[in-house]
Structures are given as structure tokens and as C-alpha cells.
Amino acid sequence: MKFVFLKFILRIMMITLTMLPSFSIAGDKLTIYTVNYPLKYFAERIAGDYATVVFPAPADVDPAYWMPDRRAISEYQKADLILLNGAHYAKWTEKVTLPRFKMIDTSREFKDRYIKTKEAVTHNHGPGGKHAHENIAFTVWLDFDLAARQAQAIKIAVIRKRPDLESAFEHNYAALKKDLMTLDGETKEIVSKINGKPLIASHPVYDYLSQRYELNMRSVHWEPDERPGDAQWMELKNMLQGHHAQGMIWESQPLSETKEQLKSLGIISIIFDPCGAVPEQGDFLSVMRRNIENLRGAY
Amino acid sequence: MLDSLCIAWKYIKFNKIKSATLVGCITLLVFLPLSLELLLDKSEQQLMSRAVTTPLVVGEKGSALDLIMNSIYFGDEVPELITYEAAEEIIDTDLAMPIPLYIRFKARGFPVVGTTLDYFDFRGLSIAAGSSLAMLGECVIGASVAERLGLKPGDSLLSAPENLFDLAGVYPLKMKVAGVLQKSHTSDDLGVFVDLKTSWIIQGLMHGHQDVTKTKDRTVILKKTEGNVTANAKLFQYTEITEENMDSFHFHGDTSQYPITAVIAVPHDARSGTLLRGRYMSSETAYQIVKPEDVIEGLLQNIFRIKNVLDAVIVVVGLATVLAIVLVFTLSLRLRKREIQTIFKLGCRRATIARLLGAEILIVGVASGFVCGALVFVVKVFANDLVRGVFIR
């Protein structure tokens, strides 16, 4: 009798064990991989606790030019969703094999609003005809309206994966959109005070910011942690002749020598971090708020 | 009865050649229709299972059979090309998952299948050795390809030029074997799978070379203006993709206009499938959408019409063989007339003589049954490979 009872208990345990995986799958979190920090932030805000969002690039590397190793590529391949920025950002995605159906180009819907930069030099050889390595500005998220549209693309993608959580995702997206639109409004307000005053960008990454908020901005190609050479100073001085800028926007704090030399030319340094990589402190919203405050402080 | 069987066995052993011929005739008579039936069933099963598990295929308007044979069984006949935009259009409909296919090139006689990673999930293919595709220029090979070419992960495989006499054509691409697929007993065993972009590299649409806008080697420059640099034929294009030269690989123009042969569309549900098919019904669209099951069913109907003719031939041949066997036994009885008379004179009854002959027929029949069973078993074991080698490809 005892033996029969033991067998019964064992059978119940086995049935329970076989059913366990199906329960865990139903409650499984989505795994989302992104190619930059803003997309990670948007995905985390929208999917909340229902997803694990991963952006595996090291913090000290510019994600736009990062190349993941084989292991990282394999992790991307296993994800439920891979969020791309589009606009030829993270060119490595064009050189590796990723599952197409899991890839979401978050800026595809506004492709027509991509900004082409003027640096491209075409080349041709053989029967293929002329082709250019066209440069497209990729920091689309600095236009907060476009950032909201990227967030919308993420929302649609996660709802498609988990339609049962639609209302939660919609609610989270609405809150994120509200925050982004607040940033948009604040930036517009500050820019109205700048009133078309010329600005210089230390790096050509502010095209969308400049276009959306109608900034009178021209770019040089300086690195914050490098001393500009004589040719670069000459280029700046030539630029200043027709573009009397009193402020230069930097991605991060420039060298104090550079800052001083700019000051002597009557140019103040303003930090506006594009926040492509994970910030050392705070999150996307707080970094952008700080950026806006920096702009406000300068004017 | 045992005595009769013993005497019959002695007789059969003594007349080895005659008995073996009889066993051979009966074996062939039974084995041929059985094995044919088995192989046809298997080929129907293989053709249909692959067709049934491929919901819809989108391709250029034209021969639906060519489209399906190329897309599903990697047939040699390349259908009219369409652009990658066709796959993007399916994504936009939000009705199905598109899996683009570009099956045009060969590598040492095996079809190079340019596709996306979604294909492996869709077909349930798993890696037996090595790893999945990760970088440009890598390939994953089917189990039969690995077996026949003796390849393993880490080896390399050259793509074959489309036309041997095209001296100005694209150089073959040296592909690195990243992994070998688990045997699936389908066309996938015979495929060399690459990323779609790698197949475009094989075609020369995407390529890598030194940066002509920065190079100091003036011998490769034909003409240089402020906005354009024209290189001459001396410009070396890489024929192998390595970590060092990968960055130099670039596309010509808009990838949405790049060629593919077909798109497998996997609808989210039955309703989505019907809606998607409806979109391609319009005469304005350049594409056709086909249900592989319908195309293969049509093909099988033709095959089975031929099979009916074969069956009739086998019946006639079988009848002739049975008559021949009856003749052999009748002649044998005549030849053994003296032997039978001796048995009769020894005091055996006619029934005993009939039992002796019956035992001989039984032994020949059982032996044929064994040989036939063994042959059918062998055919059954190798049916998948035989079907792939004889019937489908």
C-alpha cells in the first residue's frame, strides 16, 4: 500500500515537473538588444519589467563605430528583438548576420527626414557605375520629436511580441512621449532666446538638433580630449569670419587649454552630450535636461 | 512433412543454378513494384512535407514550378529575379514574416543559398558542428555537402563563377565554413547557406577594396575630380573577407534594389495568409504568390499518372514471369519424369510426390521472400538518400 502511494506521489511530481517549463515560457521576459543607449533607455521605459534590455558595447567606446566580437553577435542573434537606430548608424550591423525579422529599424518610418552630410566623395570602377559612401547624420534622437517616433516604433515591436501586455506598453509609451515632448518644448523655448545667434559644433553630430530647433550652427571636427592642431585653429578662424559664433557645443568637457584658447577668441564652451553610450551618471532624460540647462546657462 | 522438406532441400541444393534463377525471378517480381511504391511514397512525402511546411512563396510572374523547385528544392533553373524590396514590402504589410532567398550561384557543384538567419529557425535546422553564420563571407553547409566534400568548420569553400568565359567577371569568393548542419534528409543537406549580403558579394554588388579616395597609389586612379574618383581595372578587390579588410566592404547603391530569387512568406495566421494572397492577385503587381502545396500536388499528379503506366507494365511483366515460372516447373516435372516414376515404384503415393514438389515451391518461395525482404529493408533504410539522389535531385 505504501509503495502504491509513493508511486502516486512520484507521478504527481513528474507531471508537475513536465509542466513547469511551459509556465516559465508564458511568463518569460523579452530579451531586447539595442545598438545604442537612447534605444536601450526607450525600450526600458516602454517594456518596463517585462523585458531585459541589453546594450553590450563598452561604455568608453562610441557605439556608432563599435564592432562586437563573435560572442556578442551570437547574443544579438538570440535576442527576441534587435533595435536598430537606422540612418547607417552602427555599420557593423551591415557586416554581420542577424535575424532580419527580429531587427527593428526604429527610424525607418521617417527615412525621408534623414539628413545627408556634404562629406561624401563618390568613386567608380568597373561596370557598376559611380557610387558614394554617402554620409548620413545618425544622431536622430537629438530631435526629440524623432526620438518619440523611434519610441513609437519600439512600442509597436514589443506589442507585436507580447500583445497581451498592450495596455501596459501603451501606458509606458505615453509617459515617455510626454517626457520627450517636454524636452522638445524646453529646447524650443531656449532656442527662441538664442534667437539665431551663430553657434559652432565641435563635432558634426548635431544636425538633427540644429534642424529641429533651427539653430544657426556650423561644424568643425574636433575631439574634446585632443588638442586641435594649427590647421584646425585656422579653419575655425576662417569660419568665424563669416559666422560670428560666441559658443561652441561639445560632446564632453574639452581640454582646459582648448577651452581657454576658445575663450580668448570670445567663444564659450557648452556641453551637449548626445548620450549615444551609457552615461556615467543619470539616464537619458537627466543628461538631456542637463544639456538643456547648459544651453540655458550659456544664453 | 519434415521428410518432404528435407528431400526438397537436397534437390534444391543439387540444382543450385536452376533454384537460384527461380529465386531471383520471384524476388525481382515482388521487389520491383514494392521498392518503386516505397520510393514514390517517400518522394511524395518529401516533396509534400517541404511544400506543406512552406506556406507561401513570392516571386516574379512566370513559371510557378521553376519558382518552387528553385526556392524549396534548390533546383538549377533560376527563376526571374525580383528585388529585395519585395521582402520589405511583406514586412510593411504586417501580415507575414518574409524570408528572402537568393539561390543562383554554386560552390563546387552545390547551390549557394543566400538567405537570413530566420530561414534556419523556420526550417528547424540546427548546427551539428561549428557555429551559425556570424560574419560576412561565412557559410554554413548541409550535412551531405560536408560529407561529400570532406569539409569541416574552419575550412574554406570557393564560389564558382557563373560563366567560365567571362574573363572580366567577378572573382570567386573564398568562403569560410562556420558550421555544418545536422542531417535533415531534405534539400537543406545539399545547400551552402550564406547571408544574403554574402551572396551579393559573390555577385560583385558589394565588394571591398582599398579606399580610392585616400590611396597614394596613383597607378590605380584613372581620373580624379573634386567630387569623384574613378579607379581603373588595376584596383584589387578582395576575394576573401577577413577581420582586417571587412571594413572596406561596401554596397553599390540602394540595397532594396538588389536581386533575390524569391521570398518565403510565413503568415502570422490563416487570415493573414489569405489577406496577403489577396494583395498579389491584382494584375498590376509584378509578383506572383504561390502556395507550394498546390504546385507540388499538380506535379505529383503527373508523376502518379506515369506511375500508373509503370504499374501496368509491371503487372504485364509479372504475369509473363509467373507464366515462365509455371513453365519452368512443368518442364522440370517432365525432366524429372524418370525420377518421379522411381519414387512411385518405391511405393510412394501420388500425394507424397505432390507434397515433395510443394515443399520445393515453398522453399523457393520462402527464400525469395527473405531476399526480397532484405532488399526492401535496404531500400527503406536508404530511401531518403535514394529519393534525394534519384527522384528529387
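The values are calculated or read from the model by the stated rules, or taken from the named source; none is laboratory data. Predicted model only: the values in this text are computed from it and were never measured. With ideal geometry, Cβ positions are generated from the backbone for all residues, glycine too; neighbour counts draw on all protein chains shown. With ligands, DNA and RNA removed, areas are computed over all heavy atoms of the protein, side chains included. Shrake-Rupley method; radii C 1.70, N 1.55, O 1.52, S 1.80 Å.
Quick notes on this one:
- Environment charge of B:Ile296, counting only residues whose C-beta is closer than 12 Å and scoring Lys/Arg +1, Asp/Glu -1: -2
- Convex hull volume per residue in cubic angstrom - Cα atoms of region B:229-377: 379
- A 1.4 Å probe over all protein chains sorts A:Tyr50, B:Tyr258 by accessible area into A:Tyr50, B:Tyr258, starting with the largest.
- Between B:Leu158 and A:Ser264, the C-beta separation translates, for a Förster distance of 51 Å, into a calculated FRET efficiency of about 0.25.
- For the protein assembly as shown, calculated [θ]222 nm from helices alone, where every DSSP H run of n ≥ 4 adds -39500 (n - 2.57): -15500 deg cm²/dmol
- Ranked order, A:Asp69, B:Asp195 - accessible area, probe 1.4 Å, largest first: A:Asp69, B:Asp195
- Span-rule helices in chain B, defined as complete DSSP H runs reaching 15 Å or more along the axis (Cα) with Kyte mean at least 0.5: B:2-14, B:16-52, B:292-335, B:350-381
- Subset of B:Lys61/B:Lys152; B:Lys16/B:Lys42; B:Lys13/B:Lys345; A:Lys193/A:Lys237; B:Lys13/B:Lys307 violating a 29 Å alpha-carbon distance limit: B:Lys61/B:Lys152; B:Lys16/B:Lys42; B:Lys13/B:Lys307
- Each of the peptides B:330-339, B:119-128 was scored by the mean count of other Cβ atoms within 10 Å over its residues; in descending order, highest first, they stand as B:119-128, B:330-339.
- Charge dipole (debye, nearest 20) of the protein assembly as shown; +1 at Cβ of Lys and Arg, -1 at Cβ of Asp and Glu: 4020
- The dipole here belongs to region B:270-393: it is taken about the Cα centre, uses +1 on the Cβ of Lys and Arg and -1 on the Cβ of Asp and Glu, and is about 720 debye.
- FRET efficiency for B:Asp92 and A:Gln246, using Cβ-Cβ distance with R0 set to 41 Å, rounded to 0.05: 0.30
- Between chain B and chain A, the total buried accessible area stands at approximately 2800 Å², from heavy atoms with a 1.4 Å probe.
- Inter-chain Cβ neighbour count for A:87-97, averaged per residue, equals 4 (cutoff 10 Å, partner chain atoms only).
- When +1 charges are put on Lys and Arg Cβ atoms and -1 charges on Asp and Glu Cβ atoms, the dipole computed for chain B relative to its Cα centre reaches about 3300 debye.
- For B:Ala262, net neighbour charge (Lys/Arg +1, Asp/Glu -1) across residues whose Cβ lies under 13 Å away: -2
- Pairwise FRET efficiency - B:Gln182 versus B:Met48, Cβ, R0 = 25 Å, nearest 0.05: 0.70
- Other protein chain Cβ atoms within 10 Å, averaged over every residue that makes up A:99-107: 5
- Virtual spin-label span in nm between B:Cys6 and A:Arg289, 7 Å along Cα→Cβ: 10.7
- Whole-Hz Karplus values for region A:63-79 come out as x, 5, 10, 6, 10, x, 7, 4, 5, 5, 4, 4, 5, 4, 5, 7, 5 Hz, taken residue by residue from phi with 6.51 cos²θ - 1.76 cosθ + 1.60 and θ = phi - 60°; glycine and proline positions read x.
- Approximate spin-label separation B:Thr352-B:Val366, in nm, with each point projected 7 Å along Cα-to-Cβ: 2.2
- Separation in nanometres of the label points that stand 7 Å from Cα toward Cβ, at A:Glu280 and B:Ala129: 5.0
- Descending Cα extents along the principal axes, region A:191-245, whole Å: 34, 23, 14
- Probe 1.4 Å - accessible area at B:Cys6, Å² to nearest ten: 70
- Other residues lying with their Cβ under 12 Å from the Cβ of A:Pro254 contribute a combined charge of -3, Lys and Arg counting +1, Asp and Glu -1.
- Size descriptor, Kirkwood hydrodynamic radius, that averages inverse alpha-carbon separations across the protein assembly as shown, Å: 31.2
- Mean Cβ neighbour count within 10 Å, used as a protection proxy, ranking B:243-250, A:86-93, A:36-43 highest first: A:36-43, A:86-93, B:243-250
- Cα gyration tensor shape of chain B, rounded if a/c is under 1.5, else prolate or oblate by comparing a/b with b/c: prolate
- Within the protein assembly as shown, antiparallel bridges make up roughly 55 percent of the DSSP beta bridges whose residues both belong there.
- Our estimate of slack between B:Arg338 and B:Asp311, defined as 0.36 nm per intervening residue step minus the Cα-Cα distance, is 5.5 nm.
- Among B:Thr230, B:Ile296, B:Met135 - extreme Cα towards positive end, dipole of chain B, charges at beta-carbon: B:Ile296
- In percent, rounded to a whole number, the relative contact order of chain B is 28, using alpha-carbon pairs under 8 Å and six or more apart.
- Among A:149-156, B:378-385, B:291-298, B:320-327, the order from most to least packed when residues are scored by Cβ within 10 Å on average: A:149-156, B:291-298, B:378-385, B:320-327
- Annotation: Cα Rg of region A:148-227 relative to the compact-globule expectation 2.2 N^0.38 Å equals 1.52.
- Segment A:Gln232-A:Glu257, length gained on full extension (0.36 nm per residue, minus Cα span): 7.5 nm
- Averaged over B:134-142, number of beta-carbon atoms from partner chains that fall within 10 Å: 3
- Separation of region A:182-202 from region B:35-53 is 69 Å, based on Cα centroids.
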